[in-house]
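Every read-out reported here was derived from the displayed coordinates using simple, explicitly stated rules and does not represent laboratory data. A quick note: this is a predicted structure, and the numbers were derived from the prediction, not measured. As a convention, Cβ positions derive from the backbone with ideal geometry for all residues, glycine included, and neighbour counts pool all protein chains shown.
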Amino acid sequence: MFFILSKLFHFFLSPFTWVFGLLIASLFVPVKYKKRLLVIGIVVMYVICSDVIVNPLYKMWEYPMVWYKDSSPDRLMHALQLYRLGKVKKIIISGGSGELVGKKTPEAVYLTKVLLLCHMDTSDIIFENKSRNTRENALLTKELINTHFSANSKFLLVTSSLHMRRSIGCYEKVGIAVTAFPVDSRINVESGFFDSLLPELWGPAKWQALLHELIGYVSYRFAGYI
């Protein structure tokens, strides 16, 4: 039930849903309120399309980058590079299909194929493809660790800096001690104040991702997952 509700709730986190709702509401309210709703809709659209508010929020929430601060490659490529440099001996991939309906190739399956295409040793790849969210990632990874690793093994948790707080909380809750290795920061470090006032194409997506993570973190707190 928690999984289903989280997917349905995701729709209402979209800033475009808010703007669309305001515009639809303006069609049915008395004339004296139409202009007010339209103005609110325009203001909301501007706020979600600029970095002026969302960038500082990201700076407060994201885990600070520890390596490659000036780049944001895919999480898998970071893990692969750590492996190539000898920093890690094995890579655990956790991720199934997060779709509410329909079928989709589990994330762990195609990520494993990518690592194999990069000529990584098959014996150094461990994966599970059943988990649907971060909570299940942690639970099923715990099973893999109990099976394939010794008690004194150390683990790096590689995920986006935006998602790191919730991920660490879930893994530590199930008894996995991890060291954070955040990647893929969405903070626009090159944007000055005046640049942040200008609308940008990816603004709404940044708002939706941040809201999704904040509400997800709070939900996990109430559910006892972290």
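Mind listing which trypsin sites (Lys or Arg not before Pro) in segment 126-172 are in a DSSP loop and have 10 or fewer other Cβ atoms within 10 Å?
Those satisfying the criteria are Lys154.
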Gain upon complete extension [Asn146, Lys104; 0.36 nm per residue less C-alpha separation]: 12.3 nm
Would you mind checking Lys90/Lys130; Lys87/Lys142; Lys59/Lys154 for any pair whose Cα atoms are more than 23 angstrom apart? Lys59/Lys154
Rank-order 15-28, 82-95 by packing density, defined as the average count of other C-beta atoms within 10 Å over each peptide's residues, highest first. 82-95, 15-28
What are the ³J(HN,Hα) values, in whole Hz, obtained from phi via the Karplus relation 6.51 cos²θ - 1.76 cosθ + 1.60 with θ = phi - 60°, for each residue of segment 213-226 in sequence order, with x given for Gly and Pro? 6, 4, 5, x, 5, 5, 4, 5, 4, 5, 7, x, 7, 9
Could you pull out every residue, at least 5 positions away or on a different chain, whose amide H is within less than 5 Å of the one on Ser160? Hs are placed 1.01 Å off N in the peptide plane, and Pro or chain starts have none. Val183
Phe127's amide H: which non-local residues (gap 5+, or another chain) put their own amide H closer than 5 Å, with H modeled 1.01 Å from N in plane and none for Pro or chain starts? Ile93
Extension length gain for His119 and Leu214 (0.36 nm per residue less Cα distance), in nm, is 30.5 nm
Report, in debye and to the nearest 20, how large the dipole of segment 78-226 comes out about its Cα centre when Lys and Arg carry +1 and Asp and Glu carry -1 on their Cβ. 400 debye
FRET E, pair Asp74, Trp202, Förster distance 30 Å, beta-carbon r, rounded to 0.05: 0.95
